[in-house]
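The values are calculated or read from the model by the stated rules, or taken from the named source; none is laboratory data. The shown structure was predicted, so the numbers you read here are calculated from the model rather than taken from an experiment. With ideal geometry, Cβ positions are generated from the backbone for all residues, glycine too; neighbour counts draw on all protein chains shown. Heads up: the accessible areas ignore ligands, DNA and RNA and are worked out on the full protein's heavy atoms, side chains in. Shrake-Rupley method; radii C 1.70, N 1.55, O 1.52, S 1.80 Å.
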Amino acid sequence: MRTHHLHLLALALVSALALSACGDDGEDGAPGEVGPPGPPGDPGLPAGSFTTTAENAADLSFVLLPENIQIAEEFGIQFDLMGKDIRGQDIPFVGLDQVAIYLSHLTINDSDIGAPTAWASHSYLSSGASSMYCALGGGEVTVRGRTYKACTLVETEPGTYTGTWEHADTPAPVLLEGDDLSLTHRLWLRGYNIVDSNGNGVEDKVLSERLDYIPETGEVLADSGRNLVDDSACQACHGGEEGGIIANIHAHHNYQSVGNCVNCHNPFWEASDEQVANGWNEGNWDLTVLVHRLHAGSHIADSLSGDALEFMGHIHYPGELNNCLACHEGNTAFSDNIYRDACVACHINTDPRTGENHRGIVVADDASCDSCHGSGALGVMQAHEIGIRSLLKDAFYAEVDPATITVAPDGTDPTLTTISFGFKAYLDGAEFTGDLATLDFISSAQKWLVNFQADSGYALAYQAYGTGTAPFREAAFNGTHYLTSTTAPTSIVTGTGVIISDVRLCADNGALTTCGAEIDDTISLAMNNDAVYFDTANPANPDVVKSRYATDEGGVVSIAKCNDCHGDIAYGKRGHHGVDRIEQCVHCHNENVIFFKGSSRDLGLNTHKFHAGHSEYFGEGESIGYPNMLGDCQACHVSDQWFDGGGALMSGKTGFRVSLDIDNVDRVSPVAATCLACHESEAVAAHAVAQGSIVDPANAIPNPPIESCAVCHADVHSF
């Protein structure tokens, strides 16, 4: 090595001496003749015929065909990746430099323990990884601090890519020894390092559609044979359009579909003893157990510990946990295939293998479960009371008779007006004429709500001045009707009045029953009842103008959309109300029921605050953990039109009252108050004030002017 350095030194000295010995080399000679033209280069792609960027992940689509996938003895794959041009047409995407390949197959379980089928990830079984990577040049890639051998990715034509395995010392992770190519296989891809036109990474994962197929024959399958939960069930709470991705799943930054999650979350992905002890799972990361346990969250928090408690213990499932059809609608696998791990996912303190909390009954395998839980009172559908709301919808109900409504001055207080009316009750299909107080399936939450149109003509105006609700169970039967009444300040008894029930019923074991001491001792139902509208000046007038809440669509939001996630809004209000429609909620929650705990009790403001985690009911750091995208207004709203042609709100709201004094009609501005319910910051409040909004209750006035918000924030703008 030393001799090599000396040779280099000698060469450098000789070169230096040679250069120093040269004298003036004179002026440059004349330019030579132009040489012949070189051969033509390969023509470039025409502008607009390809793309190297994508504005969002939905603009990209992979094309996978069974005949272009080789997994028998050697690995090979060919696929296309398409993007969009400015007209939205598909064009080749060029420059892809890395993908992950996910391959699994559907195993058949012939034993008496566990589910009859389960997905098995090839990469996990062969190498402990979730997928196999392919990159330009092959070699190795480092992902999240871990280094993997990669297949060699080549772009053979614009938008067409091949992947081959070039590591002779190691088989491709997606090749599984003993793989039965006659079974259902599932393959899908993820693209990496894709940016938009500004150089920013696209927001969502770039995933292909799943290819379910039989490798032996190349048959593409429309049904894999294990589609237990459709993505639409998840989208009901987590957002997303029909046929699209699940919009908001925090885990792993969202793999967008149940069919993708099961690549890893299956019985073959083992868990540690500590993870089992903490309550994460029952020995593996199977999605069946994990999803049930996640949604059970706060219900089973006392049985969780460690990071499982931290991650799941605060999750408040927004519907009834026992309603299996919320996720399994249209599929009976949950009741056909009964096995221990699926059950103890929610019934976390029960173990059929030992008999713990199972009446001492020890069940050695899952084949025996069906003998007790396949049908009858202990059957899955019956034990979970699935469908009880529909079953008991008309078991007990009441109807107000419009012909009995009277409006008259109160006999003792000239500032009040008395509203009286009669109603009929029905039990099990027959008219009930007995003492309503003897019906113990009616809870303490029982009354008639009596209200009146607000001055805007769009919202109910009544607020709790000690009146406004008429007794229900205490009403006396006069031979034809139960009679009841209430009083209201005369100043608000104008225009249209409305009567609707707030009666909570209790049920259990498929029938109405005595209400339990605790809320969830029995199932809560809202008594079925339609609102009756009347003209306060002439109750006999049949041409009464109804509130906008009389129709679901007229109320800006839809109760059907609430129930997409909540199942039945009566469940959410079960503690102190028997209501299941917006017509009932707005009796108390409207813009004329003033500040409560520092905020208006208006339904819109309260709902925004509650879902955004800004409610005054929450303690420090508390939140319901809203499962959808908070900015997806159409998750609740029936329209994307917020403003009318004049810049006012489509709802007709003109402001939110700020005083309990019935004669004080001062209001803050409606648009600003609505926006600040979610966008709760001093900066947003200052911006609203700069645009003419009245935000501070101290500055409230009777008729706030129309704000200028629509100039920038109407539907024609994107901000």
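Output the relative contact order of the range 390-581, whole-number percent, from Cα pairs under 8 angstrom with separation of 6+ residues. Provide the component values of the computation, followed by the final result.
Numbers: 402 pairs, mean separation 44.5, N = 192.
Computed over the range 390-581, the figure is 23 percent.
Between residue 136 and residue 216, what length comes free when the chain is fully extended (0.36 nm per residue of separation minus the Cα-Cα distance, one decimal in nm)?
Working: separation 80, 0.36 × 80 = 28.80 nm, distance 2.93 nm.
Fully extending the segment from residue 136 to residue 216 adds 25.9 nm.
I'd like the GluC sites (Glu not before Pro) in the range 269-361 restricted to DSSP loop residues with at most 16 other Cβ atoms within 10 Å, sorted by number.
On the way: sites: 270, 274, 282, 310, 320, 329, 356; in loops: 282, 320, 329.
Listed in order of number, the matching sites are 329.
Please give the per residue accessible area of the chain, computed with a probe of 1.4 Å over protein heavy atoms only, in Å².
Numbers: 37120 Å² over 719 residues.
I get 52 Å² per residue for the chain.
Could you tell me which GluC sites (Glu not before Pro) in the range 95-182 are loop residues by DSSP with no more than 10 other beta carbons within 10 angstrom of their beta carbon?
Working: sites: 140, 155, 166, 177; in loops: 166, 177.
Qualifying residues, ordered by number: 177.
Taking amide H atoms as placed 1.01 Å from N in the peptide plane, list the residues 5 or more away in sequence, or in a different chain, whose amide H sits under 5 Å from that of residue 643.
Correct list: 650, 715.
May I ask you to give the percent of accessible area on the range 591-718 that is carbon plus sulfur, with a probe radius of 1.4 Å? Provide the component values of the computation, followed by the final result.
On the way: 3820 of 6650 Å².
Its accessible area is 57 percent carbon and sulfur atoms.
With the crude spin-label approximation of a point 7 Å out along Cα→Cβ, what separation in nm comes out for residue 277 versus residue 47?
Calculated label separation equals 6.7 nm.
Determine the relative contact order of the chain: mean sequence separation of Cα pairs under 8 Å and six or more apart, normalised by residue count, in whole percent. Please list the in-between numbers first.
Values: 1369 pairs, mean separation 55.1, N = 719.
Averaging sequence separation for qualifying contacts and normalising by length gives 8 percent for the chain.
Counting only protein heavy atoms and a 1.4 Å probe, tell me what percentage of the range 270-385's accessible area is made up of carbon and sulfur.
Values: 3110 of 6000 Å².
So the carbon and sulfur contribution to the accessible surface is 52 percent.
Roughly what would the spin-label model give for residue 508 and residue 310, points 7 Å off Cα along C-beta, in nm?
Here the modelled spin labels are 3.9 nm apart.
Which loop trypsin sites (Lys or Arg not before Pro) in the range 351-445, with loop taken from DSSP, have no more than 16 other Cβ atoms within 10 angstrom of their Cβ?
Details: sites: 353, 359, 389, 393, 424; in loops: 353, 359, 393.
In loop regions of the range 351-445 (DSSP not H, G, I, E or B), the sparsely surrounded trypsin sites (Lys or Arg not before Pro) are 353, 359, 393.
Does the range 102-252 come out rounded, prolate or oblate, given a ≥ b ≥ c as the square roots of the eigenvalues of its C-alpha gyration tensor, rounded meaning a/c under 1.5 and, failing that, prolate meaning a/b above b/c?
oblate
May I ask you to derive the FRET efficiency for residue 72 and residue 641 from their Cβ-Cβ distance with R0 = 45 Å, giving the value to the nearest 0.05? Intermediate results must be reported in sequence, preceding the final value.
On the way: r = 57 Å, r/R0 = 1.27.
For residue 72 and residue 641, the calculated efficiency is 0.20.
Mark the label point 7 Å from the Cα of residue 322 along Cα→Cβ and return the residues of the range 272-311 whose backbone N is within less than 16 Å of it.
Counting backbone N atoms under 16 Å from the label point, the list is 296, 299-300.
Above 39 angstrom, tally the Cα pairs of the chain and express them as a % of all pairs, no decimals.
Summing the P(r) of the chain above 39 Å gives 53 percent of all pairs.
Residue 694: net charge of surrounding residues, Cβ under 11 Å, Lys/Arg +1, Asp/Glu -1, itself excluded? Don't jump to the answer; show the numbers that get you there.
Numbers: positive: 667; negative: 666, 696, 707.
Around residue 694, the charge tally is -2.
Where does each of 280, 642 land when they are ordered by accessible area, with a 1.4 Å probe and the largest first? Can you show the working numbers first?
Details: 280 30, 642 80 Å².
Largest accessible area first, the residues go 642, 280.
Under 5 Å between amide H atoms, partner at least 5 residues away or on a different chain: which partners does residue 113 have, H built in plane at 1.01 Å?
366
Gain in length, residue 690 to residue 63, computed as 0.36 nm per residue apart minus the alpha-carbon separation, to one decimal in nm?
Working: separation 627, 0.36 × 627 = 225.72 nm, distance 5.18 nm.
Length gained, residue 690 through residue 63: 220.5 nm.
List residues of the range 81-116, by number, whose backbone nitrogen lies under 18 Å from a label position 7 Å along Cα→C-beta of residue 347.
Hits in the range 81-116 for residue 347 at 18 Å: 113-115.
Report in % the part of the accessible area of the range 390-581 that belongs to carbon and sulfur, leaving out ligands and nucleic acids; probe 1.4 Å.
Values: 4340 of 8430 Å².
Carbon plus sulfur share of accessible area: 52 percent.
Which helices pass in the chain if a helix is a full DSSP H run, must span at least 24 angstrom along its long axis by Cα, and must have mean Kyte-Doolittle hydropathy not below -0.5?
Values: long enough: 2-21 (29 Å, 1.17).
Correct list, ordered by number: 2-21.
Counting each DSSP H run of 4 or more residues in the chain as -39500 (n - 2.57), what helix-only mean residue ellipticity at 222 nm follows after dividing by all residues, to the nearest 500 deg cm²/dmol?
On the way: 20 runs with 133 residues, N = 719.
About -4500 deg cm²/dmol.
If I take every Cα pair under 8 Å that is 6 or more residues apart in the range 270-385, average their sequence separation and divide by the length, what percent do I get for the relative contact order?
Numbers: 142 pairs, mean separation 23.3, N = 116.
Worked out over the range 270-385, it gives 20 percent.
If you take the square roots of the eigenvalues of the alpha-carbon gyration tensor of the range 581-696 and sort them as a ≥ b ≥ c, do you get rounded (a/c under 1.5), prolate (a/b over b/c) or oblate? Numbers along the way, then the final one.
On the way: a/c = 1.23, a/b = 1.13, b/c = 1.08.
Rounded is the answer for the range 581-696, as its axis ratio a/c remains below 1.5.
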